[in-house]
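The values are calculated or read from the model by the stated rules, or taken from the named source; none is laboratory data. Owing to the predicted nature of the structure, the values given are computational and were not obtained by experimental measurement. Every residue, glycine as well, gets a Cβ built from its backbone with ideal geometry; the counts of neighbours run over all protein chains shown.
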Amino acid sequence: WQNLSNRKSQSQDTCWCLVGDFNCIRHPLERIGNNRGNSDAHIIADFNEWLADMEVDDIPCMGKPFTWMRPNGTCKSKLDRVLVSDGWLAKWPDSSQLNLERNYSDHCPIILKSKSIDWGPNPFKVFDEGDNNNLYFHKLINYSRRRNTLRGLLIDGTWVEDPLLVRAEVLQHFQNRFYEPQLHRPTLDGVSFSVLTSSQRDIMVEPFKEEEVTCAVWSCGNDKSPGPDGFNFRFIKHFWKEFKPDFLRFIAEFFVNACFPKGSNSSFIALIPKVKDPQAISDFRPISLIGCGNREGKKIAWISWSHCYTSRDMGGLGIKDIKILNKALLFKWKWMMFHQPNHLW
């Protein structure tokens, strides 16, 4: 590490790419087995600090999540990696690391790839960031694109990057997921139900008033997930004066045609990774990010509780486990009741 630091300090180049076995991990999740506790945490902190000083970072990883394994398989780690600088990413923004199957060595071969894959047109996005023509903004966009790009999938045990095959696999997965078998559904023939009165029927079909539409918009949460247009309700409320005529015309047209335009209730299904280095389509959690036309069924649990109450030294959030705290408190009370029986509780 020190030799590389010295070489970088003597060079004026901004385009760096470091490839090899660094014999260190960046996060506890990059190792299974052989947990060395605080000693491991200090090494991880030193390694991340060195990367910050070198101004290099990881690139998206495909294939095997671990690059080193003991012969008996009891310990796995991600030791081999590709580290690049911002100058490198400016020239090759689609760089990625591919981990291959290991043969005779206990390390997996790794390949640096920089081929750009054409996945078709991207959904339209609106950026309200003022003057975005700056280096920091482009670094954020490139980082987000590298993290969110689906570069390939593990299909029938084979890593596939052909966009047509990947699309077909994703399509087949969701067709199987949402396929409804032909079942015999019971009917309610001959059952009498209460019916609406004439006045109630008139209320059900009368046009919406402007006050009702405004009240419905203001009852929606500001930070709900945006729809395909990229707007959330905070944006709509802020520019309600401009949006209101279009909303009212849209609703008035519904009463004329009695149907919604095709696509008015569409949404994007975002593939949220369930694991650190997803490979197969089953490693993703499909979340429908919806806006005005729908509502969310339930909130998203982004990380597990086991990660929340892991100590900060081990890469967790340091939130205490309620069950363990409760047991400790009950044990303390029992101890005090036994040794101090005359105290008031």
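Out of everything in the stretch 38-86 that is polar (S, T, N, Q) and outside any strand (DSSP E or B), what residue ends up being surrounded by the most Cβ atoms within 10 Å (Cβ to Cβ)? Walk me through how you get there before you give the answer.
Going through the stretch 38-86, the residues polar (S, T, N, Q) turn out to be 38-39, 48, 67, 72, 74, 77, 85.
This time we only want the ones that are outside any strand (DSSP E or B), so: 38-39, 48, 67, 72, 74.
On the way: N38: 10, S39: 9, N48: 14, T67: 24, N72: 7, T74: 10.
Across the stretch 38-86, the extreme among qualifying residues is T67.
Yes/no matrix, rows are residues, columns are (1) exposed (fewer than 14 other Cβ atoms within 10 Å of the Cβ); (2) of a type outside the set (D, E); (3) at pLDDT 70 or above; (4) under 25 Å from C61 (Cβ atoms):
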{"site": "C215", "(1), (2), (3), (4)": "yes, yes, yes, no"}
{"site": "W218", "(1), (2), (3), (4)": "yes, yes, yes, no"}
{"site": "E242", "(1), (2), (3), (4)": "yes, no, yes, no"}
{"site": "R249", "(1), (2), (3), (4)": "yes, yes, yes, no"}
{"site": "C292", "(1), (2), (3), (4)": "no, yes, no, no"}
{"site": "G297", "(1), (2), (3), (4)": "yes, yes, no, no"}
{"site": "G318", "(1), (2), (3), (4)": "yes, yes, no, no"}
Discussion item. Could you check the stretch 251-285 and list, in sequence order, the residues that are closer than 24 Å to G221 by Cβ and modelled with pLDDT under 70?
Written reply: F260, G263, S264, N265, S266, S267, F268, I269, A270
